[in-house]
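Accompanying notes for the structure given below.
The values are calculated or read from the model by the stated rules, or taken from the named source; none is laboratory data. Predicted model only: the values in this text are computed from it and were never measured. Note: ideal-geometry Cβ built from the backbone for every residue, glycine included; neighbour counts use all protein chains shown. Just so you know, the surface numbers come from the protein's heavy atoms only, side chains and all, with ligands and any DNA or RNA stripped out. Shrake-Rupley method; radii C 1.70, N 1.55, O 1.52, S 1.80 Å.
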Amino acid sequence: VSDFTEPGREDFNERFMLSQFTDAFSDIDGDTLQKIKIISLPDPTRGDLELGAGYVSVGQEITADVILNGELALRPLPNFSGDVTFEWIGHDGQDWSAGSSTVTVQVEGVPDPATIGGVDTGAVTEDHDSQALGTVTATGQLTITDLDGSAEETFQVIGPNDEAGTGD
């Protein structure tokens, strides 16, 4: 058996295809892959291997038919991006492969929405001398957090009648 790498996306299960494993399997006698055995699981802080509605365990054997039916999947933890790996060996119906190989799923991050919180009420006094000069003061504090990092923590204040953001 040999290592292989597959792409994945944040917050989406990556279903494995049988061809991913058969392409990484070779047998000196020309036998085909009949089943795999999971040798190590993904780091639980990154994701889980699932089989149907349950979780895969170390040492679990999974037949080629089950993989063909799309029942083996990697479920990255919510909002995780990065590499998730596990090890496997293959069986040709006679013997297990001599060594194990690593499957790497490269989970690509997707933009997450920012969360804005804080005091979202206040008071503005209209029709006063300062307003005629273009000075209106409103107070309050809003906070913003974004799982994608501080570089994404921005927002624009738009008034009810102004799509340009000047607050008219």
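Key figures
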| item | result |
| --- | --- |
| J(HN,Hα) series, region 95-105, from Karplus relation 6.51 cos²θ - 1.76 cosθ + 1.60, nearest Hz, glycine and proline x | 9, 7, 4, 5, x, 9, 9, 10, 9, 10, 10 |
| Solvent-accessible surface (1.4 angstrom probe) belonging to R15, in square angstrom, nearest 10 | 130 |
| Inter-label distance for D112 and D11, nm, one decimal - labels placed 7 Å from Cα along Cα-to-Cβ | 0.9 |
| Linear extension gain, S2 paired with Q20, 0.36 nm per residue minus alpha-carbon span | 5.4 nm |
| Solvent-accessible surface (1.4 angstrom probe) belonging to T115, in square angstrom, nearest 10 | 90 |
| Compactness relative to 2.2 N^0.38 Å, alpha carbon Rg of region 1-95 | 1.07 |
| Dmax and Rg, reported as Rg then Dmax, of region 59-117 (C-alpha, Å) | 16.8, 61 |
| Heavy-atom accessible area order for I36, I144, I116, largest first, 1.4 Å probe | I116, I144, I36 |
